[in-house]
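Every read-out reported here was derived from the displayed coordinates using simple, explicitly stated rules and does not represent laboratory data. These figures come from a predicted structure and were not determined experimentally. Note: ideal-geometry Cβ built from the backbone for every residue, glycine included; neighbour counts use all protein chains shown.
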Amino acid sequence: ALGAAGSGRNGFVASYTAEGNLRWSQDFTGMGSDTVIDLARTEDGSVYAIVQHSSDLTVGGSLYPGGGVVAIKMALQDLDADAPEVLWSVRLTTNATGRGGRLGVHGASGAVAAIVNDPPAPGFFNGDAAILGLNPADGEITWRLEVPQAGGNTLTLNEVSVSSTGEVYAIGDFQGALVTVPRGPNMEAMPGVVLNNEGGIDGLVLKLDST
């Protein structure tokens with residue numbers, strides 16, 4: 001059975017056969033609410049998930065205290081296993097009440113990117129939206145693009161995808177004037193671009209290279 005006694009709402013990932021029979025399942029349980037908000041799969045059988053949690057969450061051997069959003073990579077090493085093996089997990093934000101995140105994974109190359117909205121400031125991302133590049137081998141955040149919030153200026157990132165060469169595409173909408181802040185492997189700030197909308201809420205398409 002999925003879930004744990006005494007816990008709140010639990011998230012899970014499950015695999016079914018073409019006939020609708022359950023192959024395996026992996027649940028994510030804490031004392032609060034745990035929700036799987038995005039899922040992706042690569043051609044080598046790896047499964048990626050993003051889980052938003054409102055209380056302590058344990059993934060594999062890692063404890064993520066409080067609430068937040070965690071990206072997880074799993075792989076089924078044994079076709080007869082009851083659940084996949086957790087290869088790695090990484091916290092994307094400590095905000096448990098924000099607009100969650102999304103994953104972009106290229107099925108063949110395994111290149112991974114994620115988007116998060118409403119990360120806390122100051123501290124973790126120091127902005128209200130961010131695009132992250134993740135190392136598919138260990139989940140390390142290799143680069144990020146921050147969009148700090150200023151006054152009533154806001155940006156919401158809605159979807160993200162990754163090409164075979166690691167280029168990242170993201171779409172969203174924004175209001176006001178914003179300045180992007182790219183950060184490299186050492187999180188050093190690099191020159192960004194200014195986004196100015198024409199009034200109301202404008203749509204936005206971003207293309208980033210693999211770095």
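Starting from the Cα of Asp202, step 7 Å along the direction of its Cβ; do the same at Ile171; then give the gap between the two resulting points in nm.
Result: 1.8 nm between the two label points.
Just to check I understand the Karplus step: with θ = phi - 60° and J = 6.51 cos²θ - 1.76 cosθ + 1.60, what whole-Hz values come out for the stretch 157-168, glycine and proline as x?
8, 10, 8, 9, 9, 10, 8, 5, 9, x, 5, 10
Which shape class, rounded, prolate or oblate, goes with the stretch 163-211 when its Cα gyration tensor gives a ≥ b ≥ c as root eigenvalues, a/c under 1.5 marks rounded, and past that a/b bigger than b/c marks prolate?
Oblate shape, in that a/c is at least 1.5 and b/c is the bigger or equal ratio.
For Thr142, which sequence-distant residues (separation of 5 or more, or a different chain) have an amide H within less than 5 Å of its own amide H, given hydrogens modelled in the peptide plane?
Amide H neighbours of Thr142: Gly133, Leu134, Asn135.
What is the set of long-range amide H partners of Glu167 at a cut-off below 5 Å, with H atoms built 1.01 Å from backbone N?
none
Give the long-range amide H neighbours of Asp128: residues separated by 5 or more places, or on another chain, with amide H under 5 Å away, using H modelled in the peptide plane at 1.01 Å from N.
Answer set, sorted by chain and number: Val147, Gln149.
Quick one: divide the alpha-carbon radius of gyration of the stretch 131-184 by 2.2 N^0.38 Å and tell me what you get.
1.28
So how much slack lies between Tyr16 and Ala108, counting 0.36 nm per residue of separation and subtracting their Cα-Cα distance, in nm?
Gain in length upon complete extension: 31.0 nm.
What order do you get for 60-70, 104-114 when each peptide is scored by the mean count of other beta carbon atoms within 10 Å, highest first?
For the peptides 60-70, 104-114, the packing ranking is 104-114, 60-70.
Any idea what the alpha-carbon Rg over 2.2 N^0.38 Å comes to for the stretch 5-90?
1.08
Find which of Met190, Val160, Ala177 sits farthest along the positive direction of the dipole of the stretch 142-211, computed with +1 on the beta-carbon of Lys and Arg, -1 on that of Asp and Glu, about the Cα centre.
In the stretch 142-211, that residue is Met190.
Can you run phi through the Karplus equation (6.51, -1.76, 1.60; θ = phi - 60°) for the stretch 131-139 and list ³J(HN,Hα) in whole Hz, with x for Gly and Pro?
Residue by residue, the stretch 131-139 yields 10, 10, x, 10, 6, x, 6, 9, x Hz.
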